[in-house]
Each structure stands twice: as C-alpha cells, then as structure tokens.
Amino acid sequence: MSYPPPPPQPYSDPPGGYPGYPPPRNGAGTGALVCGVLSIITAVTVFGGVILGLAGIALGVVGRRRAAAGLATNRGAATAGIVTGVLGILVGAAALVGYLTLTSWFLDDIGGRDLVSCLQNAGSNVEAQQACQDEFATSLENRFSLTVTPTP
C-alpha cells in the first residue's frame, strides 16, 4: 500500500532566503574584527600592528554604516574591529618607541654615537674615516671579547 506524499508546507522557508530580502552584508564587520585582532597579535612587528589596525578601523566604519542602514546585522563585530584596531595601533606605536629606545641605548652602550661623531668630524678624509672604523672595531673587540677585524 502506498501512501500519498505529504501536503506542501505553506510556511516553510523558500530555498535561497526570503524573497524580497537580500542577505545581510556582514563582510566588512567581520573583516574589521579579524583585522583588529590580528593587529593586536602582530603589533610587536610594528608594521603589522599599524597596517592591520588601520584596516580594522576602516572596515569597522564601513560595517557600522551598513548596520545603521539596515544592510548588515553585525554592528557589534564592526565596533569590536574598530576598538581592536585602535588597540593594535597603540601597541604597535609603543613597540616602535621601545625599539627606538633600546636601539639608542645599545648604540650608546657600544660606542655607536662616538663612531658617528668621529665619522662626521672626519668629513671626506678617507684615512680619518678608516681610523674611526678601526677604533670602533677595536673597542668592540675589547668590550665583548670577540674578533671583528680579520687577521691578515
């Protein structure tokens, strides 16, 4: 005995979404959140933190505008992308300041500023420039117990 097929469901969701309602455009908000989180993770590289942070902020602004216009449903993700993008930029800027401070301290510690000053005073005199470089190499060898200049 064969049974007849069930009657069609009049209130079921049609395939492909609701007619007359386009799907939400959530790409910008999602991209903002991804870029913002990656900007924090890569902030120690300075370049990654700043570039990805700026991308997160820009995409977040676009995502919030779409949400305000009713075209997107992820306003929170867009806002989080803006916030994390700003944090990524701030951490990247702090990392840059830290790198520059450490580099300056290290150059002072090993006599790099003395080398630069000596080379500036030497001008275009090649012998004086070589004397500055030799003095710096000898200073490094004595300070760190290593050999900078090759033995002839």
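The values are calculated or read from the model by the stated rules, or taken from the named source; none is laboratory data. What you see is a predicted model, and the numbers here were worked out from it, not measured in a lab. As a convention, Cβ positions derive from the backbone with ideal geometry for all residues, glycine included, and neighbour counts pool all protein chains shown.
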### Task
Specify which of the listed residues (Val86, Val97, Val91, Val126) is surrounded by fewer than 14 Cβ atoms within 10 Å (Cβ to Cβ), under 20 Å from the mean Cα position of the chain (by Cα) and either among the hydrophobic types (A, V, I, L, M, F, W, C) or over 30 Å from Gly56 (Cα atoms) (or both).
Val97
### Task
Could you please let me know if Gly76 is over 30 Å from Val61 (Cβ atoms) and surrounded by 11 or more Cβ atoms within 10 Å (Cβ to Cβ)?
no
### helices (runs of 4 or more DSSP H) completely within the stretch 40-152 that count 3 or more residues being among the charged types (D, E, K, R) and closer than 30 Å to Pro24 by Cβ
47-68
### Query
For the stretch 90-101, does any single residue satisfy the condition of being farther than 30 Å from Phe144 by Cβ, at pLDDT 90 or above and in contact with a Ser or Thr (Cβ under 9 Å, 6 or more places away or on another chain)?
yes
### Task
Scan the stretch 71-87 and report the pairs whose first residue is in contact (Cβ under 8 Å) with a residue 24 or more places away in the chain and whose second residue is of a type in the set (Asp, Glu), with Cβ atoms within less than 6 Å and a gap of 6+ or a chain change.
none
### Summary
Screening Ser145, Ser104 for residues that are among the hydroxyl-bearing types (Ser, Thr, Tyr) and more than 28 Å from Gly53 (Cβ to Cβ) leaves only Ser145
## Note on the structure
Of (1) surrounded by fewer than 18 Cβ atoms within 10 Å (Cβ to Cβ); (2) within 23 Å of the chain's Cα centre (by Cα), Asp134 fails just (2)
